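Below is one structure, written out as structure tokens, with a few remarks after it.
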Amino acid sequence: MSGDGVDRSKYLYPKTVKGRDYLYFRMADGTLVPLPLDQESIDFRRAYDACRKRRDKLAVSLPAPTRKSIDTTNVTFIRDTVGRAILLYKESADYASKKASSRKKYDQWLLLLNEKLGAARLRDLDVNEVDIYSDMIATEKSPSHARFQIAMISNIWKACKKYKEFGIAKLPNPTIEAERRYKVKKPHQPWAEQLQDEFMRQAPESLRLAKLLLHFSAQRGGDCVKLRVRDFDGKGLFVRPEKTSDGDDLEANYHLCPEPLRIALVARLRGTDDPEEFILLNQHRRPWASANSLSCSIRDFMVKVGLRKQGSKEKPVRGPSMHGLRKNAASEVAALLVGTQGIKSVTGHKSDAQANYYAKHAAQIALNQQVVAKWNESIEQNRRERVGKRRSLIKRVK
């Protein structure tokens, strides 16, 4: 309750960022407007009353949002708003370069951003504003949602930096130092050799072939379940990775198969006449519905035979997974010290980042082995020298 008896507590959003306190008024469209911290001051009352009046107008005038797509047919955005920036980004080369499946996801994330911040001016978004917004999304939705909202803000900022009406040409991207709301708690782990041996000993034929293909092709599950008989020429596989291919590749990636996989594929395709038949079939001799169905079958089998623990929605358990076999492939190839490009030639990674990780890890291990080998030689040499000195000090008794 303010000094004049009027309740001005509604729609307030206090926030502390890096030790500094802020106070905001939340508009009907989700926009956060900064207010004076002293709620007893005249400046606070005036600012609050102006925001409340504006909020009531926006609540009436804003169109009802739709979850299917960003419908801006009847909406006219002010030239420097986030909503206008979203429209320009969707006309950009960066957005057009995304695959159809990626653009569909982007549309969902942009829709949320449009609903929450569409009426805000793009240049008003500094790092603190982004942190406050992502904190709100993480609370209302999830940390993962907040992560992608930050990514969308970064994308539209880059796309609109060149347009004078936004006035951001000399401003830093506010997402660069923004707080990261989402991190992978525990990445997929490669399968231990004993686990691989037990799986191959106990698993049905359909899952054994799947394990070999996932492991020695080094491809993602989504690409493996889509491979057909025509994609194997007796020596190698023609693969167009769905995640990293832009859809315009003239040629598929060609991967020579390591012997365990080549032998298994030759046996699998012996007597098969239909080139369009999928290589991987389930126990009912039907194609896998998706990578997820194959992943679940591998997980359920491992739980059944005691190779991993059973989890639940309340208490999920991270254990050996289908994707871990791709980690096996990358790690094994990296151990050959073939470098980043060598790893990418097998895994199909488009960027160097992940391949660099495996290459550096393998190089560190190899260097450590060389150093420790020399260290052992030095230890042994020092031991022999100390023994020699002690013997030289022993006096002969006549």
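A quick yes/no check of all residues on (1) within 12 Å of Phe232 (Cα to Cα); (2) touching a residue at least 60 places away in the same chain (Cβ under 8 Å):
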{"residue": "Cys257", "(1), (2)": "yes, no"}
{"residue": "Val266", "(1), (2)": "yes, no"}
{"residue": "Leu269", "(1), (2)": "yes, no"}
{"residue": "Pro275", "(1), (2)": "yes, no"}
{"residue": "Cys296", "(1), (2)": "no, no"}
{"residue": "Arg299", "(1), (2)": "no, no"}
{"residue": "Met302", "(1), (2)": "no, yes"}
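What are the pairs, 6+ residues apart or on separate chains, where a residue within segment 76-97 that is over 21 Å from Asp124 (Cβ atoms) and in a helix (DSSP H, G or I) has its Cβ under 8 Å from a residue that is at pLDDT 90 or above and open to solvent by 10 Å² or more (accessible area, probe 1.4 Å)? That search, which allows pairs on different chains as well, returns Asp94/Asn155; Asp94/Lys158; Asp94/Ala159; Tyr95/Tyr106; Tyr95/Asn155; Tyr95/Ala159.
Tell me whether segment 184-195 contains one or more residues that are modelled with pLDDT under 90, of a type outside the set (D, E, K, R) and over 30 Å from Gly324 (Cβ atoms). The answer is no; no qualifying residue exists. Ile153 satisfies every condition listed in (1) assigned to a loop (DSSP other than H, G, I, E, B); (2) within 16 Å of Gly83 (Cβ to Cβ); (3) β-branched (Val, Ile, Thr) except (1). Among the residues making up segment 85-113, those that are at pLDDT below 90 and surrounded by 14 or more Cβ atoms within 10 Å (Cβ to Cβ) are Lys98, Lys99, Arg103. Asn376 meets each of the listed conditions (1) surrounded by 17 or more Cβ atoms within 10 Å (Cβ to Cβ); (2) of a type outside the set (Lys, Arg); (3) modelled with pLDDT of 90 or more apart from (1). No other residue among Gly319, Gly271, Gly306 is of a type outside the set (S, T, N, Q) and either over 26 Å from Lys226 (Cβ atoms) or surrounded by 19 or more Cβ atoms within 10 Å (Cβ to Cβ) (or both) apart from Gly306.
Which residue out of Leu207, Leu227, Leu213, Leu171 is open to solvent by 60 Å² or more (accessible area, probe 1.4 Å) and touching a residue at least 40 places away in the same chain (Cβ under 8 Å)? Give the steps one after another, and end with the answer.
Numbers: Leu207 fails: open to solvent by 60 Å² or more (accessible area, probe 1.4 Å); Leu227 fails: open to solvent by 60 Å² or more (accessible area, probe 1.4 Å); Leu213 fails: open to solvent by 60 Å² or more (accessible area, probe 1.4 Å).
Criteria check complete, one pass: Leu171.
For the residues Lys164, Lys158, the requirement of being closer than 19 Å to Asn114 by Cβ, surrounded by fewer than 17 Cβ atoms within 10 Å (Cβ to Cβ) and of a type outside the set (Asp, Glu) singles out Lys158.
The values are calculated or read from the model by the stated rules, or taken from the named source; none is laboratory data. Owing to the predicted nature of the structure, the values given are computational and were not obtained by experimental measurement. Glycine also receives a Cβ, built like all others from the backbone with ideal geometry; neighbour counts cover every protein chain displayed. What goes into the accessible areas is simple: the full protein's heavy atoms, side chains included, and nothing from ligands, DNA or RNA. Shrake-Rupley method; radii C 1.70, N 1.55, O 1.52, S 1.80 Å.
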